[in-house]
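In what follows, a structure is listed as C-alpha cells, so that the remarks can point back to it.
The values are calculated or read from the model by the stated rules, or taken from the named source; none is laboratory data. As the structure is a computational prediction, the values presented were derived from the model and not from experiment. As a convention, Cβ positions derive from the backbone with ideal geometry for all residues, glycine included, and neighbour counts pool all protein chains shown.
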Amino acid sequence: MSAVIDLDGLSLRFGRRQILKDLRGSMSGRSIGLLGPNGAGKTTLVHTLLGFHPPYAGTARVFGKDIIRHAKEIRGWIGYMPENDAFIAGMTAVRLVRLMAELSGLPPREALERAHEALFYVGLGEARYRTIETYSQGMKQMAKLAQAIVHGPKLLFLDEPTNGLDPPHRSRMIRLIKDIRDNGDVHIMLSSHLLRDVEECCDEVLILKQGEIATYCNLEEERKANLKFIEVETRADNSEFAEEIGKLGCEYALLGQRKLKMVLPAGIEIRDLYRVAADREIQIRRLDYKRDSLQDIFLKAMENNRGGL
Amino acid sequence: MAVYERTYRSYSGELTPGWGRFLVLPRYAYQTVFQSRLFVAFLVACFVWPLVLAVLIYLPHNLRFLEMFQLQTADITNIFKYDAGFFFYWFMVPYQVVAFFMAFIVGPPLISVDLRNNGLPLYLSRPFSRSEYLLGKSAVMLILLSAVTWVPGLVLFAFQSYLAGFGYFREHFAVGIAIFVAFWIWILILCLLTLAISAYVKWKPVARVALFVIWFVFGAFGLVINLLLRTTWGSLIDIGGMIQVVWAGLFGIESPVQVPLWAAWASLLIVCVVCIALLRRKVRAYEVVR
C-alpha cells in the first residue's frame, strides 16, 4: 500500500524549544492512531502536517506531496477536527458547515446539500438551525466532525474526538469514526491520549514521546505475534512435559515446578501441547497465551527511549 | 451521504476555482450585515448626499429651472465652481467621515468573531491561505466602502463631464483620478486599521471603542500637542488629518492641516506597516507560545 504520510526527518522548534525531533517513517494504515502522553507532540505533528507550523528541519509528505511546497493542495484532501471548541459566533451549524464546504471548493448548492447531509449523519439533523454556542459539548464535537467530513476528504485528522463526551456520546463518536473508516476511501489519523479509542478505531499506532517516535506498529500484527507466547501451569511436576515440548521445537523456560513459559515455533499449535499432555497424562490447569494490549505496547514504548518504523 | 442512508459518502463533484474562493467570505458577511435594518437604512442614507450633489450639478444645465427662477448658468457656476475644490469640500471631506462610520459598523466583528471561538483553524485547515482569509475579510470592507465613496464620486464627475462637455473632462481629468486614488488610500487605511483592531481585540464593542479612540481621541490629542508645544507636528498622529493632507496634495489645493506632504505620507505608511505587522501576528491558526 502506498504511504499516506511520510515523515522525512521532520523537526519543529518553537523558539529554543524543540517540539518534534527528527521524525522519520512511513505510515500507510487505513486508520492510524497517534498516541502519547500530554506534551508529546501529537497535536503539533498534526498542525505541522496541516501547514500551520513551518518545519525547522526535514519535511513530510502526505499522499506523496511535500507539506511545504504543496500545503494548499494537501489541505484540499484533508478534513480536520480540532481538539478545542472551534466555531464562529452567531452562526448556525448548517451555515458554518456550508461555509466550510464552500471554502474547500464545493459550489454553493452542493455545499448546502452536503452540509445538511453531514449534520444528519452526525446526528444533528434536528438541531442544525441552532447556533453552535447553544450546543452541548457533545453536540459541538459532532458539529466539528460534520465540518471535517463535509467536503469528502481523503485524510481525516481527528484530534481528541471523544474529549468531554459522556459514554453514550463517546460510543456514538466511535461508531461514526468506524463507519467513516469502513464505508469510504478515507484514511484516518486519530490523535488521542485515550488508549481505548485508538484500540477500537485504529489498525496502526504511532506513539510519540517527548517529540520523538517511541513506537510505530500494526496493532493486528502485534497481537498475532503475541499469540505465540504461551504460559502453562500443570498440576504436577512439569519437567517431563517440558522435555517433550522441547522435542517439538519449542523454546521454554521453567518457572518453578509447575509453571513454564514457551514460544511456539511455526507449525506447532496449542492442540499439540494438549496432545503431549494427554500422552504423558499430565493435567494442564491453566494455559494463557499472552496477548499484548495497546496498554502494554504503550507502556513498553514509554520505557524504551526510541523505537523505529 | 444521502440523508436516507445516513452513511458516509465522499465527494466527487466539481470544485470551484481556487482564485475566487476568498469571495465566499464577503458573501457570508453581507448576509449577516444586511440582516440589520439600521445598517440598510444607513447605507441608503449614504446615497442621499451624492443625489443632492447630482441635482446641484444638473441645475445649471436645466433651462426650465433657470427660466423659472430667471437665472443664468453663470449665476450658479459662480457659487459652485465644479472644480477640484467642489469635489474635495462638498464630497470627499464629508464622505471621509461616512466611510469611517461604515467601517465602524462593519469592520470590528470581521475577524474578532473568528478568533473569539477559535474559528481560524477551521478556515486555515482548508485550501485557503492566511492571505486569502485576509483578502476575503478586506473585500467585505473594500466593496462596501467603494460603493459609498469613489463609485458615487466618479459617477458625479462623469455626470458633470457629460453635462459640461469634453473640454471640461480634458481640463479636469486629474480630478477624476484624484477622487479614485484618494478614496482608495482612505479605504485601504480604514480596512487595515479596522482589521488589525478586530484581530487584536476579540470583543466586538471593545474593538469599536478602540477604533473610535484611534480616530477621535488621537486627533484631539494631536491638537493638544499642537497647542501646548506651538507646533503642527502633533497632527501626525491624527490619521484623518493626515489623509486630508494627502488628499489636498492629490487635488492640488491647499491643505487644511499644516504638515508637509511627505510627513503625511510617511505617517500613513507607518500606520499601514503597524497594522500589517499586527495582522501577521494575530491571524494564525494557532498562536504559538515560545
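For (1) assigned to a helix (DSSP H, G or I); (2) surrounded by fewer than 19 Cβ atoms within 10 Å (Cβ to Cβ); (3) out of contact with any Phe, Trp or Tyr (no Cβ under 7 Å at 6 or more places or on another chain); (4) polar (S, T, N, Q), each residue gets a yes or a no:
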| site | (1), (2), (3), (4) |
| --- | --- |
| A:139 | yes, yes, yes, no |
| A:147 | yes, no, yes, yes |
| A:185 | no, yes, yes, no |
| A:196 | yes, yes, yes, no |
The range A:158-180: number of residues that are in contact with a helix residue (DSSP H, G or I) (Cβ under 8 Å, 6 or more places away or on another chain) and at the interface with chain B (Cβ under 9 Å from one of its Cβ atoms): 2
How about the range A:158-176: which of its residues are without any contact (Cβ under 8 Å) to a residue 40 or more places away in the chain and either crowded, with 17+ Cβ neighbours inside 10 Å or among the hydrophobic types (A, V, I, L, M, F, W, C) (or both)? A:162, A:165, A:169, A:170, A:173, A:174
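Here is a yes/no grid of residues against (1) more than 26 Å from residue B:180 (Cβ to Cβ); (2) free of Cβ contacts under 8 Å to residues at least 12 places away in the same chain:
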residue: B:214; (1), (2): no, no
residue: B:221; (1), (2): yes, no
residue: B:227; (1), (2): yes, yes
residue: B:233; (1), (2): yes, no
residue: B:246; (1), (2): no, no
Can you tell me which of (1) more than 12 Å from chain B (Cβ to nearest Cβ); (2) at pLDDT below 95; (3) on the phi < 0 side of the Ramachandran plot is the one residue A:94 doesn't meet? (2)
Take residue B:44 and decide whether it is farther than 20 Å from residue B:163 by Cα and exposed (fewer than 12 other Cβ atoms within 10 Å of the Cβ). yes
Qualifying residues in the range A:75-91 (those that are in contact with a Leu (Cβ under 9 Å, 6 or more places away or on another chain) and more than 7 Å from chain B (Cβ to nearest Cβ)) - the one farthest from residue B:7 (Cα to Cα): A:91
Condition met for residue A:114 (closer than 18 Å to residue B:8 by Cα, of a type in the set (D, E, K, R) and facing chain B (nearest Cβ under 10 Å)): yes
Just for helices (runs of 4 or more DSSP H) wholly inside the range B:1-113: which have at least 1 residues that are at pLDDT 90 or above, closer than 16 Å to residue B:139 by Cα and away from chain A (no Cβ under 14 Å)? B:93-106
Looking at residue B:193 and the list (1) surrounded by fewer than 20 Cβ atoms within 10 Å (Cβ to Cβ); (2) touching a residue at least 40 places away in the same chain (Cβ under 8 Å); (3) in a helix (DSSP H, G or I), which single condition is not satisfied? (1)
Tally of residues being assigned to a helix (DSSP H, G or I) and surrounded by fewer than 22 Cβ atoms within 10 Å (Cβ to Cβ) across the range B:114-129: 2
Elements of type helices (runs of 4 or more DSSP H) contained in the range B:204-290, each with 3 or more residues being among the aliphatic types (A, V, I, L, M) and within 30 Å of residue B:33 (Cβ to Cβ): B:204-212, B:239-251, B:261-282
Right, residue A:155: more than 9 Å from chain B (Cβ to nearest Cβ), surrounded by fewer than 24 Cβ atoms within 10 Å (Cβ to Cβ), of a type outside the set (Phe, Trp, Tyr) and over 24 Å from residue A:72 (Cα atoms) or not? no
In the range A:142-149, is there at least one residue being of a type in the set (Lys, Arg), more than 9 Å from chain B (Cβ to nearest Cβ), in contact (Cβ under 8 Å) with a residue 24 or more places away in the chain and touching a helix residue (DSSP H, G or I) at 6+ places or on another chain (Cβ under 9 Å)? no
